Amino acid sequence: MLALFYIFIAVAIGVSFWQITRIMNLRSVIATDKDNETQAKIGIGFLVFLYAMMIYCLIGMNVVMLPESASIEGEHDDNLFNITFWLIGVVQFAMQFLIFFFTYKYRGNKDKKALFYADSHKLELIWTVIPAITIVLLIGYGLWAWNNIMYVGDDENPIEIEVYSRQFDWQARYAGEDNQLGLGNVNFIKGINSMGVDMSDPSAQDDKKVTELVLPVGKKILFKFRSQDVLHSAYMPHFRAQMNCVPGMITQFAFTPKYTTADMRLNKEVIAKTDGINKIRKAKGEDPYEFDYLLLCNKICGASHYNMQMKITVVEQKEYDSWLSKQQTLAQVIK
């Protein structure tokens, strides 16, 4: 599929060079009605080819798309994407048809006289007002969705988790029974205290450092991000969540997991993608892949950027409570 795309690009570039050369060689020659007829038919042929490629990409490339959102808040992100995609798609299909149809209909002919059409205030008003209203509505929906993941009310009582980035790995700590994270600063980094937690802060005593993220389904999670060195970006694609980790400041977002990892593995799209990946891995003699949610870095932060992955497991509340109770507090670990 990717090879076909490259072939298409190569052909398009070749045709472009051929047309430019032809135009330069024939710039002193006036096109005849036969030339105009031929070019108009070629335009219609290209329109058919363009539509065929667009439909093929819509169907064939769908396999690389993410499955449905695994978070409740991410549903709005998917809605916004789908609305924008269909709006652009409909306009694209319609405009391409009009461009090539009128190119064919009004092809050069010595028996036809061109009509000069100065302007139309009505048309200009229509194609200015409609896109303006559409953009305002899309931006308004986007801002509402953004506020939904950025600002969390106290009444929601979210689970607070700090995600700490550094070259080239992720670390995390959960707020303890007080559900309040202790203060942190790079100046406190020493030995086992690799996240720079201020152990003199009472709220830090019951915090729990972990090596993977385990989240309860159906419960709002408030993530707070810090960076030790350079700009990183916490990216959780299946939850439609991403936030920059900026040295010297704390950023945040929140979402509510909608499906457990076990449930997502039964998703038809996930099964299809997993089967496709395992066919490739089998051909290479590699072990089979099993779907997991992941935290990735979406900024090229250095030579080993590719190593920045952390597994995310979404489980039922009872299993989450059992797992969290087994984790040691910072007071127990840092003596």
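The values are calculated or read from the model by the stated rules, or taken from the named source; none is laboratory data. Computed from a predicted model, the values in this text were never measured in an experiment. Note that we place each Cβ from the backbone using ideal geometry, even for glycine, and neighbour counts take in every protein chain shown. Please note that ligands, DNA and RNA were not included when accessible areas were found on the heavy atoms of the full protein model with its side chains. Shrake-Rupley method; radii C 1.70, N 1.55, O 1.52, S 1.80 Å.
Is one or more of the residues making up the stretch 147-169 more than 17 Å from residue 250 (Cα to Cα), out of contact with any strand residue (DSSP E or B) (no Cβ under 6 Å at 6 or more places or on another chain), open to solvent by 60 Å² or more (accessible area, probe 1.4 Å) and among the hydroxyl-bearing types (Ser, Thr, Tyr)? Checked against the condition, which is being more than 17 Å from residue 250 (Cα to Cα), out of contact with any strand residue (DSSP E or B) (no Cβ under 6 Å at 6 or more places or on another chain), open to solvent by 60 Å² or more (accessible area, probe 1.4 Å) and among the hydroxyl-bearing types (Ser, Thr, Tyr), the stretch 147-169 yields no hits at all. Under the condition of being more than 26 Å from residue 291 (Cα to Cα) and hydrophobic (A, V, I, L, M, F, W, C), the residues counted in the stretch 49-79 number 6. Cβ-Cβ contacts under 9 Å between residues 6 or more apart (or on different chains), taken from a first residue in the stretch 105-119 that is among the aromatic types (Phe, Trp, Tyr) to a second residue that is part of a loop (DSSP other than H, G, I, E, B), are listed as 106/112; 106/114.
Check whether at least one residue in the stretch 76-97 is touching a Lys or Arg at 6+ places or on another chain (Cβ under 8 Å), open to solvent by less than 70 Å² (accessible area, probe 1.4 Å), under 30 Å from residue 238 (Cβ atoms) and in contact (Cβ under 8 Å) with a residue 12 or more places away in the chain, and report yes or no.
Applying the first criterion (touching a Lys or Arg at 6+ places or on another chain (Cβ under 8 Å)) to the stretch 76-97 yields 77-78.
Still in the running and open to solvent by less than 70 Å² (accessible area, probe 1.4 Å): 78.
Next, from what is left, pick out any that are under 30 Å from residue 238 (Cβ atoms): 78.
Narrowing further to those that are in contact (Cβ under 8 Å) with a residue 12 or more places away in the chain: 78.
Yes, some residue in the stretch 76-97 is touching a Lys or Arg at 6+ places or on another chain (Cβ under 8 Å), open to solvent by less than 70 Å² (accessible area, probe 1.4 Å), under 30 Å from residue 238 (Cβ atoms) and in contact (Cβ under 8 Å) with a residue 12 or more places away in the chain.
For a quick check of your reading of the model, give me the residue pairs whose first member lies in the stretch 268-290 and is of a type in the set (A, V, I, L, M), whose second is surrounded by 13 or more Cβ atoms within 10 Å (Cβ to Cβ), with beta-carbon atoms closer than 8 Å and at least 6 apart or on different chains. If the second residue must be surrounded by 13 or more Cβ atoms within 10 Å (Cβ to Cβ), the pairs left are 270/67; 270/264; 270/291; 271/265; 277/289.
Which of the residues spanning the stretch 295-335 are part of a helix (DSSP H, G or I), of a type in the set (D, E, K, R) and either farther than 22 Å from residue 178 by Cβ or open to solvent by 90 Å² or more (accessible area, probe 1.4 Å) (or both)? The answer is 318, 319.
Tell me, yes or no, whether the stretch 111-121 has at least one residue that is among the aliphatic types (A, V, I, L, M) and either surrounded by 10 or more Cβ atoms within 10 Å (Cβ to Cβ) or modelled with pLDDT of 80 or more (or both). No: the stretch 111-121 contains no residue that is among the aliphatic types (A, V, I, L, M) and either surrounded by 10 or more Cβ atoms within 10 Å (Cβ to Cβ) or modelled with pLDDT of 80 or more (or both).
Scanning the stretch 187-226 for residues that are hydrophobic (A, V, I, L, M, F, W, C) and in a loop (DSSP other than H, G, I, E, B) returns 189, 192, 195, 199, 217. Within the stretch 250-266, being part of a loop (DSSP other than H, G, I, E, B) and closer than 19 Å to residue 222 by Cα holds for 250, 256, 258, 259, 260. Just checking, how many residues over the stretch 291-307 are out of contact with any helix residue (DSSP H, G or I) (no Cβ under 8 Å at 6 or more places or on another chain) and either aromatic (Phe, Trp, Tyr) or on the phi > 0 side of the Ramachandran plot (or both)? Selection size over the stretch 291-307: 2. Restricting to the stretch 207-222, what's the tally of residues that are crowded, with 18+ Cβ neighbours inside 10 Å and of a type in the set (Ser, Thr, Tyr)? Residues in the stretch 207-222 being crowded, with 18+ Cβ neighbours inside 10 Å and of a type in the set (Ser, Thr, Tyr): 0 in total.
Looking at the stretch 58-74 only, could you name the residues that are assigned to a helix (DSSP H, G or I) and in contact (Cβ under 8 Å) with a residue 40 or more places away in the chain?
At the first step, the residues of the stretch 58-74 found to be assigned to a helix (DSSP H, G or I) are 58-64, 74.
Scanning the stretch 58-74 gives 60, 61, 63, 74.
Take the stretch 53-75 and flag every residue that is modelled with pLDDT of 90 or more and either closer than 20 Å to residue 9 by Cβ or of a type in the set (Ser, Thr, Tyr) (or both). Once the filter is applied, which keeps residues that are modelled with pLDDT of 90 or more and either closer than 20 Å to residue 9 by Cβ or of a type in the set (Ser, Thr, Tyr) (or both), the stretch 53-75 yields 69, 71.
Among all residues of the stretch 42-57, there is at least one that is in contact (Cβ under 8 Å) with a residue 60 or more places away in the chain and of a type outside the set (A, V, I, L, M, F, W, C). If the condition is being open to solvent by 80 Å² or more (accessible area, probe 1.4 Å) and within 21 Å of residue 213 (Cβ to Cβ), then the stretch 275-294 contributes only 290.
For the stretch 242-274, taking the residues that are out of contact with any Ser or Thr (no Cβ under 6 Å at 6 or more places or on another chain) and of a type in the set (Phe, Trp, Tyr), the one that is most open to solvent (accessible area, probe 1.4 Å) is identified as 259. Among the criteria (1) over 19 Å from the mean Cα position of the chain (by Cα); (2) under 18 Å from residue 184 (Cβ atoms), the one residue 321 does not fulfil is (2). Taking every residue in the stretch 168-188 that is touching a residue at least 60 places away in the same chain (Cβ under 8 Å) and closer than 19 Å to residue 213 by Cβ and pairing it with any residue that is acidic (Asp, Glu) and surrounded by fewer than 17 Cβ atoms within 10 Å (Cβ to Cβ), at least 6 positions away or on another chain, the pairs with Cβ-Cβ distances below 7 Å are 182/198; 182/201.
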